[in-house]
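*Asks:* Starting off with a structure, shown below.
The values are calculated or read from the model by the stated rules, or taken from the named source; none is laboratory data. Computed from a predicted model, the values in this text were never measured in an experiment. We place every Cβ from the backbone using ideal geometry, glycine too, and count neighbours over all the protein chains shown.
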Amino acid sequence: MRWLVYGEGALSGLIAAKLQQQHQHVMVATRSGTPPQAFILNQESTIELDAFDPAQAPDVVIAALKAYDIEAWLEQVQEHSWYRHIPLILSYNGMLVAEESVLPANSFHWVTTQGAFRHGAQLNHAGQGESWLGAQQRDRACPAEMLATLNRSLPPFEWLPNIQLKRWQKLAINCLINPLTVLYNCNNGELLNHPIAEPQQQLANEFVALAKQLGMQWSAAELVADAQRVIQATANNRSSMLSDIIRHRRTEIDYLNGFVVQQCEQLGLSAPTHRWLWEHVKAVENRPQLSSS
Ligand code: KPL
């Protein structure tokens with residue numbers, strides 16, 4: 001199969017490398033249009049990937065992007081004849097408002113706990129995790145060959161007929177961890193030394209009330225326990241949100257706690273704890289950079 005991978009982060013590099021190691025034809029589209037740079041995977045193999053050649057239509061597209069880049073990316077790829085005809089696998093943190101109308105019917109979601117980090121030309125596959133794949137539109141069948149190839153390349157890949165539930169669960173976990181790492185400016189594991197029990201409980205309660213209005217049954221106690229398990233499993237990691245703050249990049253807070261607040265407002269619910277952390281992270285994000293002189 002011919003795969004076209006968009007995104008310049010560690011996750012897109014990891015899946016591109018793993019697919020190529022399974023003898024798949026992988027092309028990479030960079031934001032600037034320049035050829036992708038070679039990198040070293042796990043300090044052992046040099047990975048050189050082909051640049052996207054528009055004359056070669058892909059069979060599958062994978063876009064591992066920031067949530068705030070998704071809509072612009074969709075506009076950009078619309079010009080290709082394959083746009084509505086092949087699976088578009090999307091991976092991003094959080095949720096977009098009105099996704100049902102924004103995402104094309106051939107969209108699939110990839111949710112993963114695989115941990116990968118880039119340091120210059122090195123790409124490290126840090127934590128062996130799991131992946132789940134499902135269609136944006138629930139009645140879509142599972143593209144069997146695509147799933148089998150992904151599962152051989154970066155196992156395990158599980159098909160979920162209702163991927164939205166998994167996405168909401170990941171949304172909850174990210175809302176309960178990421179902004180707190182910015183609040184306390186610490187790695188995930190160090191959160192356990194801070195008074196996070198009460199805010200996490202409140203975040204979970206507000207989240208569960210929203211989910212209930214939307215027809216999903218979650219237990220706040222289970223969400224808090226899930227978040228605690230993720231904190232322990234990723235204790236040495238710096239969250240993606242804190243990493244963005246440190247690199248003076250925009251965070252995904254608008255698509256995490258910000259999304260929860262907006263959804264609550266539409267339904268007449270209040271989410272003061274999500275709002276507090278949304279505003280806090282926005283304030284940190286907009287803080288002027290200290291000049292180095
Ligand atoms: O997904 C994550 C993130 O950093 O965005 C967690 C689970 C918090 C791991 O760092």
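*Asks:* Residue by residue through region 78-124, note down the ones that are of a type in the set (G, A, S), closer than 14 Å to L14 by Cα and in contact with a helix residue (DSSP H, G or I) (Cβ under 7 Å, 6 or more places away or on another chain).
*Replies:* Matches in region 78-124: S91, A116.
*Asks:* Suppose the filter is within 21 Å of S131 (Cβ to Cβ) and surrounded by 16 or more Cβ atoms within 10 Å (Cβ to Cβ); does L74 pass it?
*Replies:* Taking the combined requirement at face value, the residue does not satisfy it.
Yes/no matrix, rows are residues, columns are (1) within 30 Å of A197 (Cβ to Cβ); (2) of a type outside the set (G, A, S):
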residue: G120; (1), (2): no, no
residue: A135; (1), (2): no, no
residue: D139; (1), (2): no, yes
residue: M146; (1), (2): no, yes
residue: C175; (1), (2): yes, yes
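*Asks:* How many residues are surrounded by fewer than 18 Cβ atoms within 10 Å (Cβ to Cβ) and among the charged types (D, E, K, R) if we restrict to region 206-222?
*Replies:* 2
*Asks:* Being more than 17 Å from H125 (Cα to Cα) and small (G, A, S) is the filter; apply it to region 37-56 and report the residue that is surrounded by the fewest Cβ atoms within 10 Å (Cβ to Cβ).
*Replies:* A55
Conditions tested, residue by residue: (1) surrounded by fewer than 16 Cβ atoms within 10 Å (Cβ to Cβ); (2) under 22 Å from C186 (Cβ atoms); (3) within 22 Å of the chain's Cα centre (by Cα).
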| position | (1), (2), (3) |
| --- | --- |
| V224 | no, yes, yes |
| A227 | no, yes, yes |
| N237 | no, yes, yes |
| I245 | no, yes, yes |
| V261 | no, no, yes |
| L267 | yes, no, no |
| A271 | no, no, no |
| E285 | no, yes, yes |
| Q289 | yes, yes, no |
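*Asks:* To continue, here is another question. Only one of these is surrounded by 18 or more Cβ atoms within 10 Å (Cβ to Cβ), within 10 Å of the ligand (Cβ to nearest atom) and closer than 22 Å to Q266 by Cβ: N178, N174. Name it.
*Replies:* N174
*Asks:* In addition: Take the residues in region 110-123 that are under 22 Å from L171 (Cα atoms) and in contact with a strand residue (DSSP E or B) (Cβ under 6 Å, 6 or more places away or on another chain); name whichever of them is modelled with the lowest pLDDT.
*Replies:* The extreme case among them is G115.
*Asks:* For the condition modelled with pLDDT under 95 and among the aliphatic types (A, V, I, L, M), what is the one hit in A148, A144, A126, A57?
*Replies:* Every option except A126 fails the conditions.
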